[in-house]
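S.K.: Supplied in structure tokens, the structure appears directly below.
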Amino acid sequence: MSLILTFLGKGGVGKTTTAIAVARAFAAQSKQVLYVGQQAGDSLSMRLGADLTNDPQLVAPNFAAVHLQSTLLLERYWDKMKGLETQYLRTPFFKEVYGQELGILPGMDAALGLSFLRERDAEGKYDVIIYDGVGDLETLRMLGMPEILGWYLRRFKQVLTGSAIGQAISPFVEPILRSILQVSSTDDISQQAGEMSSVLTRGQKAVNDPSRVAAYLVTTGDPYAIATAKYLWGSAQQIGLTVGGVMAREQINDADFEPLAVCQIPDQVTELTIPDRLASLAPKPIEINAVTKQVKLFLPTFNKKQVKLIQLGPEVTIEAGDQRRNIFLPSELAGKQATGAKFQDSYLIISFG
């Protein structure tokens, strides 16, 4: 399994420069590194001195890189799905549909990026995968996708398996989902839903495990850059992504990001190692205590007025900023209603009766 890292911050603060420097440092330690870029344009190819494609290629010893192009990547997945599962397609319409035509669907870039990361992680070839996405909020939505899709799958499973409309739309939805999630072919919609749920659950657990997936904030001393980094910090907590620390490219007030550790880095950095101490101070995004009947979420930069709490059965949904967090309560709390919520030391504390 790989360690997947991403870097968050305002545009222009040097996230890509910092990420490449970290990648080079890991490679210098004889770790196998894959750098995954999904930005528009050819800037990443120019930085790394190689004509990057969707296939990993070595740009330095122990250092491989790719530049994901969604339309071409989806075309590859779609053709593979059609070739292996022709017997499943219930209408010849799909034989005339090309992956590039599906690339316009909302959220497709994020879905493809997540699928690519999952495949490379499963290969076991890389010690570290560094993801440099199309935008920070898109990156957070991508990493939060397993939880969100899992939520919708639980909500609408009965619709898909037991209603006429579910049977009607399934020939259109299923091939697209399976071509991205790479689950096996079956005519049993319930079994497909189970396979997809398993894939999404594993993805969610990986994102919530700081030894598997982590983010680092990058900022300068500019007040707008600091404000953006703080906002992204809070948004990352909403998807359960651990922020391990702050990479400051100029002198900043460490108190702005307490309790995270701040690492000052030179502006023209070419190689940078992430100190172990950064991740060790990162607060847990969520803590569930069945004894005290409380759920604690670390939501820095948000206040109670910016948070909306919804409970439906054993699930609690917390909306803050642009992110939504769905919490499936343990059996000890599943039958209890939320009786109150308060903010204390950047934690949202929800009590259950």
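The values are calculated or read from the model by the stated rules, or taken from the named source; none is laboratory data. Computed from a predicted model, the values in this text were never measured in an experiment. Glycine gets a Cβ as well: all are built from the backbone with ideal geometry, and neighbour counts include every protein chain shown. Just so you know, the surface numbers come from the protein's heavy atoms only, side chains and all, with ligands and any DNA or RNA stripped out. Shrake-Rupley method; radii C 1.70, N 1.55, O 1.52, S 1.80 Å.
S.K.: Just the accessible area per residue of region 5-72, please: how many Å² with a 1.4 Å probe? Before the final figure, lay out the partial values.
M.R.: On the way: 2680 Å² over 68 residues.
So region 5-72 comes to 39 Å² accessible per residue, rounded to a whole number.
S.K.: Could you work out how far apart the two model spin labels at Gln29 and Lys205 are, taking each label as a point 7 Å from the Cα in the direction of the beta carbon, and quote it in nm?
M.R.: 2.6
S.K.: Determine the distance separating the Cα centre of region 23-44 from the Cα centre of region 51-72; give it in Å without decimals.
M.R.: Their Cα centres are 9 Å away from one another.
S.K.: Next question. 7 Å from Cα along Cα→Cβ at both Leu309 and Ala290: what's the point-to-point distance in nm?
M.R.: For Leu309 paired with Ala290, the spin-label model returns 2.1 nm.
S.K.: How large, in percent, is the carbon and sulfur part of the accessible surface of region 305-353 at a probe radius of 1.4 Å? Walk me through the numbers on the way to the answer.
M.R.: Details: 1260 of 2580 Å².
After summing per-atom areas, the C and S share lands at 49 percent.
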